[in-house]
Structures are given as C-alpha cells and as structure tokens.
Amino acid sequence: MSTQAKYHKGSSDGKAPLTRDPLAGVRAHYDAVVVGSGLGGLTAANVLARCGRKVLVLEQHYNFGGLATWFKRRGGHVFDVSLHGFPASMKKTCQRHWSPAIAARVERLESIRFSNPQFELETLFTREDFTRILVERFGIERGGVERFYAELAQMDFFSDSGETTAQLFERHFPGRNDVHRLLMEPITYANGSTLDDPAISYGIVFSNFMNSGVYTFRGGTDWLVKEMQSELEKNGVELCNRVQVERIVVEQGRVRGVEAHGRFIAAEVVISNASLKTTAEALVGTQHLEPEFARGLAAVRLNNSSTQVYIGLRAGSSIPFVTDLLFSSTRETFDSPALSEMHGQSRTFSFYYPKTRPGSQRYTIVSSMNAHWADWAGLDEAQYAREKRRLQHDTLEALERHVPGVGALVDHVEVATPRTFAFYTQHPQGTSFGTKFEGLRYSLELPKQVAGLYHAGSVGIIMSGWLGSANYGAIQANKIDAHLLALRESESTR
C-alpha cells in the first residue's frame, strides 16, 4: 500500500471488522468527502486525487462499488450483481480516468441472443449487424434505418422535444411491435427506461451501445473493484467501509463537512453518490433548499427496481456456450410495462463462463427482471418467502428451455428482490437505476442550492449503468476541481 494512502476498513469480505472504529486514522479535514462508493463516487474520487486533492470515501457497506459489486457463497461460488454489459466507450473512460490495466480488461461480448415468440436471433449488437437484421429479418428499408440512426445521433441532454420513446418508434417504424421489442428490451434491462420515457433518454443510450457492441470486464466485478481500490490508494485517496454517514453539514448556505458515527469530518466539498432524494431530503434537509427547488425535487419520480436470481453450477460441471446475454420471453407481443410485472414472462440471463474469471473453471448464471417496489414491499414474511420460491422455480424452468439439463448441475440458487436491493444499497424503494430523467436537472443544480454540494449518483437514465455512472463522476469531479481552485484563489486575495 502506498504510504500516501490509507484504507480504513472493517474487512472487504464480510467478516468481523479488524478495528472497532472504522474511522480510526481519518483526518479532521479534507478537500472532498465522497459519500458512497458506486462507480460515480469512486471515479470522482480518483479524478480529484489525480488533481492533488485530499479525498476521503465513506461507504456504509463492507464492499466498495455500489451496485457494481459481487458476493461469494460456499462451494466456491462468486456472483456478480447487476447485468454485465456496457458500451465500448467504457474502455476510453477507464483509460482516461482509471488506468491502462483496467482499460485493457474491457472486452466485447461474443454473442447476444433474443428468444421470444416474435423472433429468434443472435447479434453482435453493432450498428452494422443491427442494420443487417432490421433490413434482412424485419424487412425495413435501409434508408429508414439510417434516418432513425441519424436522428438518434443528433440527440443531446438539452434538446428535449417532449416526444416519448413510443412516439419516436411509431414515427419511424409504425405498427411494428416486433421492431419496437428488438430496439427497446435491451435498453430497458440496462437502465430501467420504458416507452413512456423521453425519446432523448433512449436515443443517447442506444447510440452509445451501437458504436461497436456490448462489453464487459474480464476478471469479474471483484477484480475490477479491487483494481480500482489499488488505483485510488496509489493516488492517495482514503477509503473507509462500514461507515454510515448521518448528515451532510451545511452552514450559511455552504457545505462544511459530514457527520458519521457521531464524528464531524470537515470538507470544502461533499460529493454524494447516494440517491438524489436521500442526499437532498435526508442527508442535507430541505430547509437548506429554495422552496421551489424542494417542491420540484419532491416530484421527481424514482426509477424501478429489479429482481435477480443467482444460479451456481457445482464444481467440475460445465455447459456449452449458449450466448453471453439472452433476452428471453414467452410473451406473445411486446408490452413495455409488462417487463416489470411481478409474474412477468420476460427475463435476461447473463452467462458467466470460465473466460469471465480466467483460471476459475466455474460457471454461473444470473437472471434479471425489472420490478416494482410496491409489488414486494407489503408482503408478510410467509408471502415473501413463497414469492421468492416461485421466482426461483420460474427462473430455473425458463433457463431449462434454453439449456436443457442445467437444473441437474445447479448446487446453489439465491434470489434478490427490491427489498434486498433496498437493504444493501439503502436506495429508496430499492431503485436500481436512480431517478427518472427529470432528476438530472436537480442533480446538476444542487451546487446552486448549497455551495460545495455535488451529486454523482444515478439519475436521468442516461447517467445510469456502469458507463454513465463513471462518466457522471468524472463530469462532477471536473466541476469540483474548478470550484476548489476558485475557493483557493478567493482566499489568497483576502
């Protein structure tokens, strides 16, 4: 470990803390304190540390990474949480804001499959391949496909026409429910968006994926986060896990620091990687916000949550290569809201082969379904256990249709629900994707409400997912560095 870096920890494997005080050795003052260690917060910390800033990261969980995380179970199982897949530009983001070693592990998935009553197909998820499929399999005129791509390419955060994704699809591909399914299902699983969300939120994300396919990290999430920890430590960032931040301290309209475990830690800037609503309404308090801003923030909608089923194959067993991502459904036609139904017919399977963690020789499969908090929140314990068993059964039955005989190879199955995500992440209603698009404005404008307060959590669909989170952290870090520089210049002229 670098002599500049300090890693104040309980432990990163869920065992008992090594020290009784998780804040032992922490200084009284930092340039910036990061609350939460999702990819947005970690990237912000790394960018600021490279600029010479003194940075402290406080994480309430024992693992760093937010939803970009993993867990281990008996029998040698390692499970990655969240869907594995992001655009090619993640390599550039890692090269620029992290390290060549991390960027070098960004590798393209070999195969993405769709299996539903309307079509069965395999794709590389590149623009060229998608164009071929739309023209040859779906009979769309090539010029129409190119016009669709061209319009998406012109979209940006600040040019919302008010059109929904459903209206965009219908304008370009009228009456083609099958085409809408092909275009929408992967993005819904990636960031929770629906046909009712703004067209620009769809267009920007889809265009990113269409560059050159879908990518993942070779080595798994555990390798990635540990490598990020090493990079942060090298750059002098101090990391503390098992630390619950109780309050972001604000006095006279500006941030003064945080309170955690009953201790005050001073800082010029606080970057919250927590939920936008938790940050502003609970950690800061609406008394520090302009009334109109607070009312607008209260109206911001949360995005949906997820369920996941983690399936581990026993040691020594194997399955043939099926695909990397399988968008599977038995629903006859595409219905966007149905993707989040509690007893839905659609799910995504992420296949993790030994190539994911070279040398492990283990196979795991993770099933993901979008979900609504309300469907799970009110269940009593008996109902909750019954619904988890039902989800496990339905998932294994669906998997068996694509991988016959796989059930006999399984020796560990575990179910996560919106309640699971709420418990481990502390996100309100267990949201997996932050807020709807309108949250982006309030996230960006927090520093105008409280000087020195910045947000790097998941908002606006676009700033969700692994790539969006990391890029948002870098964007905010650059603003913060400029803010800190202005503070220093102001102090020097007094």
Among the candidates Phe437, Phe433, Phe423, which residue alone is more than 28 Å from Arg113 (Cα to Cα) and outside any helix (DSSP H, G or I)? Phe437
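Can you tell me which residues in the stretch 274-294 are out of contact with any helix residue (DSSP H, G or I) (no Cβ under 8 Å at 6 or more places or on another chain), assigned to a helix (DSSP H, G or I) and of a type outside the set (S, T, N, Q)? Step through it out loud before you land on a result.
Taking the stretch 274-294 as the starting set, the residues that turn out to be out of contact with any helix residue (DSSP H, G or I) (no Cβ under 8 Å at 6 or more places or on another chain) are 282-285, 287, 291-292.
If we keep only those that are assigned to a helix (DSSP H, G or I) too, we end up with 282-284, 287, 291-292.
Ala282, Leu283, Val284, Pro291, Glu292 - these are the residues of the stretch 274-294 that are out of contact with any helix residue (DSSP H, G or I) (no Cβ under 8 Å at 6 or more places or on another chain), assigned to a helix (DSSP H, G or I) and of a type outside the set (S, T, N, Q).
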Of the residues His427, His393, His412, only one is surrounded by fewer than 16 Cβ atoms within 10 Å (Cβ to Cβ) and either under 23 Å from the mean Cα position of the chain (by Cα) or not polar (S, T, N, Q) (or both); which? His393
Take the conditions closer than 23 Å to Arg113 by Cβ, among the aromatic types (Phe, Trp, Tyr) and under 22 Å from the mean Cα position of the chain (by Cα) and apply them to Phe217. Does it pass? yes
Tell me, yes or no, whether the stretch 204-221 has at least one residue that is of a type in the set (D, E, K, R) and either in a strand (DSSP E or B) or crowded, with 17+ Cβ neighbours inside 10 Å (or both). no
From the list Val214, Val237, which residue is more than 30 Å from Glu341 (Cβ to Cβ), touching a residue at least 12 places away in the same chain (Cβ under 8 Å) and in contact with a strand residue (DSSP E or B) (Cβ under 7 Å, 6 or more places away or on another chain)? Val237
Considering residues of the stretch 35-67 that are over 17 Å from the mean Cα position of the chain (by Cα), of a type outside the set (Gly, Ala, Ser) and not in a loop (DSSP other than H, G, I, E, B) only, the residue nearest to Asn241 (Cα to Cα): Leu58
Could you tell me whether Cys94 is modelled with pLDDT of 90 or more and farther than 25 Å from Val258 by Cα? yes
Which members of the stretch 396-408 meet the condition of being surrounded by 13 or more Cβ atoms within 10 Å (Cβ to Cβ) and either of a type in the set (Phe, Trp, Tyr) or free of Cβ contacts under 8 Å to residues at least 40 places away in the same chain (or both)? Glu400, Gly407
Answer residue from the stretch 253-273, given it is at pLDDT 95 or above and in a loop (DSSP other than H, G, I, E, B) and is surrounded by the fewest Cβ atoms within 10 Å (Cβ to Cβ) among those: Gly253
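The values are calculated or read from the model by the stated rules, or taken from the named source; none is laboratory data. Note that the structure is a prediction, hence the values are computed from the model and not measured. FYI the Cβ positions are ideal-geometry reconstructions off the backbone, even for glycines, and counts take in every protein chain you see.
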